[in-house]
1. Is it the case that the stretch 383-398 has a residue that's at pLDDT below 95, open to solvent by 50 Å² or more (accessible area, probe 1.4 Å) and in a loop (DSSP other than H, G, I, E, B)?
2. Do we find a residue being open to solvent by less than 30 Å² (accessible area, probe 1.4 Å), farther than 30 Å from residue 337 by Cβ, at pLDDT 95 or above and charged (D, E, K, R) anywhere in the stretch 147-163?
3. Which residue is most open to solvent (accessible area, probe 1.4 Å), if the candidates are limited to the stretch 204-241 and must be among the β-branched types (Val, Ile, Thr) and within 18 Å of the chain's Cα centre (by Cα)?
4. Condition first: open to solvent by less than 30 Å² (accessible area, probe 1.4 Å), more than 18 Å from residue 157 (Cβ to Cβ) and modelled with pLDDT under 95. Now tell me which residues in the stretch 311-340 satisfy that.
5. Take the residues in the stretch 255-305 that are in a strand (DSSP E or B) and free of Cβ contacts under 8 Å to residues at least 60 places away in the same chain; name whichever of them is nearest to residue 211 (Cα to Cα).
Amino acid sequence: MGYVLSAVARVLEQPTAWGAAWEMALLAGPLWAAALLGLLLGWAWRPRWAAGLVVATADGGSAAAAAQALAQPPFATLDFWKAQLPARLRAPLGYAGAAVQQREEDEDAVQGSSEGANEELAVGKDDLVNLWRLVEGRDGGPAWIKMMEKSLPTMTYQAWRRDTQTGPPQYQSSSIFENATPEEVRDFFGDDEFRMSNKWDDMLIYHKTLEECQTTGTMKVHWVRKFPFFCSDREYIIARRIWKLGGAYYCVTKGIPCSSVPRRNKPRRVDLYYSSWCIRAVESKRGNGGLTACEVLLFHHEDMGIPYEIAKLGIRQGMWGCVKKIEPGLRAYQEARAAGEPASRSALMARINTKVGDNFVRSLESNSDESEIVEAEEKPARNHVARFLVLGGAVALACTLDQGLLTKALIFGVARKFVGQRKTL
């Protein structure tokens, strides 16, 4: 208030009209700048009900639609306040019912497909070759950087990451389960019904088989996965197929286009998705000399629509928390099979594999391209580029999400804390 009174006094003290006008301009300039900035920020973070008013007016509902919206404000409804909640809290209130309804509507939509449909799914020999080269370290990609090494009494886990010139970060992991066969682990990872009922993969909240091939075991699947509270859910249309090469199983899972499932604003569809693994028997870590353990080599990358630096930070912090749930889930799956519980439809499909002969392997071994694995732990960057990437990613993420001011403040707070930690290193 003192600043305003002193500015008014300066205007009155001017001997000429031009001087008074100039002082008024100096006074009004910052106010107009602040008002313009407020309008820009308000529009960028506008609530859904405000956006609805604009659309209604622009689409010809015009004054009548706007008047109706003003007469019955959306913020007076329960649905409005549900929409303002984060996805993690919103799911129990509304999405579960929608998922059940969608399951009921799609209950009879699964269609068997022929060999020609398998070609349409675009999971073929080239995908097997690519996965084999990844497993053998002959894909010619960048070096892998070791991220972590963890263990449980009956499980050991290692993870690596590498960054490519284009595309999202890529991850490789090795999980070794004691007292497990490759066939048990193959069925376990392919069993979508058990994923949800046991909740060892608690991010999966909806699944549906769109197509399947009884000849090759190829499946076309629709997934919806729950993301952390500051992100909306993500949906995936994936194709997967399993080959048997010697005593190992090579499973290719990747995102594919699908016109039969229309896109929606939420959940957001992930187009670039690759998650494939090799399952094979290995010697036990207990040193008994027998192949009584099973190793799963996983290769994974996806573009979740989140800035890569933010995604890398989240994955690194949450990776082990998700992975350590797999081991008790596998043991529960073994107990269920031992008790005689019938295998699910997706588990039965995982048992339909394409066998590959030794000639195929010999033809691939002539390729000498190799990828190096760097055993040193990942080191923090020693320049300021990463800090700007994190802060810039937080700004971009906050501006693309519509989850309310509290969520945006939390994102900025996490980014600032992360940058502050990096300054002390």
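1. yes
2. Looking for residues that are open to solvent by less than 30 Å² (accessible area, probe 1.4 Å), farther than 30 Å from residue 337 by Cβ, at pLDDT 95 or above and charged (D, E, K, R), one finds at least one in the stretch 147-163, hence yes.
3. Per the stated criteria, the residue is 205.
4. Listed by number, the list holds a single entry, 311.
5. Filtering the stretch 255-305 for residues that are in a strand (DSSP E or B) and free of Cβ contacts under 8 Å to residues at least 60 places away in the same chain, the one nearest to residue 211 (Cα to Cα) comes out as 255.
The values are calculated or read from the model by the stated rules, or taken from the named source; none is laboratory data. Because the structure is a prediction, the values reported are computed rather than measured. Because the Cβ atoms are built from the backbone with ideal geometry, glycine has one as well, and the counts that use them run over all protein chains shown. For the accessible areas, the whole protein counts, side chains as well, though only heavy atoms, and no ligand, DNA or RNA atoms are used. Shrake-Rupley method; radii C 1.70, N 1.55, O 1.52, S 1.80 Å.
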